[in-house]
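The values are calculated or read from the model by the stated rules, or taken from the named source; none is laboratory data. Predicted model, so just to flag it, every value in this text is computed and none were measured. In this analysis, Cβ positions are derived from the backbone assuming ideal geometry, glycine residues included, and neighbour counts consider all displayed protein chains.
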Amino acid sequence: MSSFPKNGRLEPAVLDQEDRAAIAAVLSGDRQAYTRIVQKYQRPIYAALRRLVRQHEDADDLAQECFVRAYQHLHEFDLNRSFYPWLYRIGINLAISFMRKRKRHSAVDSLEVFPTAEGNPETHAQALEFYHALEEAIARLPAEQRAILLLRTREDMSYQEMSETLGIEIGTVMSRLARAREKLRAWMRPHLNARAEKI
């Protein structure tokens, strides 16, 4: 098992002493100690959620909800495990629920497919048209598939990391990602053909 530090890469799953002391203090009734936890992990949690839901206000609200949920369930946390993956998983599950409710989620920068061509208005307009179509296509994906796709493309997670984060089998990760990519390819094929014809 691994843990996610601030740079998004994995480290050994060991609860550091600072987290252990803060969690123990919170569980003993020291609510102020939870402020230290929030301050430590607020930025990486917000950054991860922002990449999923795109809008600052939405990511900010979800990050706050993530810390509230974590506080409410802190007594369930296993002190032998690393804290950040547990917190991260709460945040990702909240984002998935949010995306289910908001079908028209904007994700235009979720996949880097074609660079925009600066200095060429016609090519730039074509690129924008393609990106808008891609945004619409990603928005149509079921929330679980969309989350898998974004964790893979934006968080650069391995199948194992996604499995641990979402609490699902690697086979499920692979099948959801494959279905998401298959749908995107089918939906974007007319736009890709149109681009090829204009080149």
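Observations on the structure shown:
- Selection status of D61, of a type in the set (D, E, K, R), in the same structural domain as R20 (by TED's automatic domain parsing) and at pLDDT 95 or above: yes
Residue-wise test of (1) farther than 19 Å from E129 by Cα; (2) basic (K, R); (3) at pLDDT 85 or above; (4) not in a helix (DSSP H, G or I).
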| residue | (1), (2), (3), (4) |
| --- | --- |
| Q145 | yes, no, yes, no |
| L149 | yes, no, yes, no |
| E161 | yes, no, yes, no |
| M174 | yes, no, yes, no |
| R185 | no, yes, yes, no |
| A194 | no, no, no, no |
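- Candidates A133, A143, A147, A180, filtered to the one that is of a type in the set (G, A, S), buried (at least 16 other Cβ atoms within 10 Å of the Cβ) and touching a residue at least 60 places away in the same chain (Cβ under 8 Å): A147
- The residue of segment 33-45 that is surrounded by the fewest Cβ atoms within 10 Å (Cβ to Cβ), among those that are out of contact with any Cys (no Cβ under 7 Å at 6 or more places or on another chain) and more than 12 Å from Y71 (Cα to Cα), is Q39.
- Remark: H56 matches the filter, which requires a residue to be exposed (fewer than 15 other Cβ atoms within 10 Å of the Cβ), under 26 Å from A147 (Cα atoms) and not assigned by TED's automatic domain parsing to the domain that holds M157.
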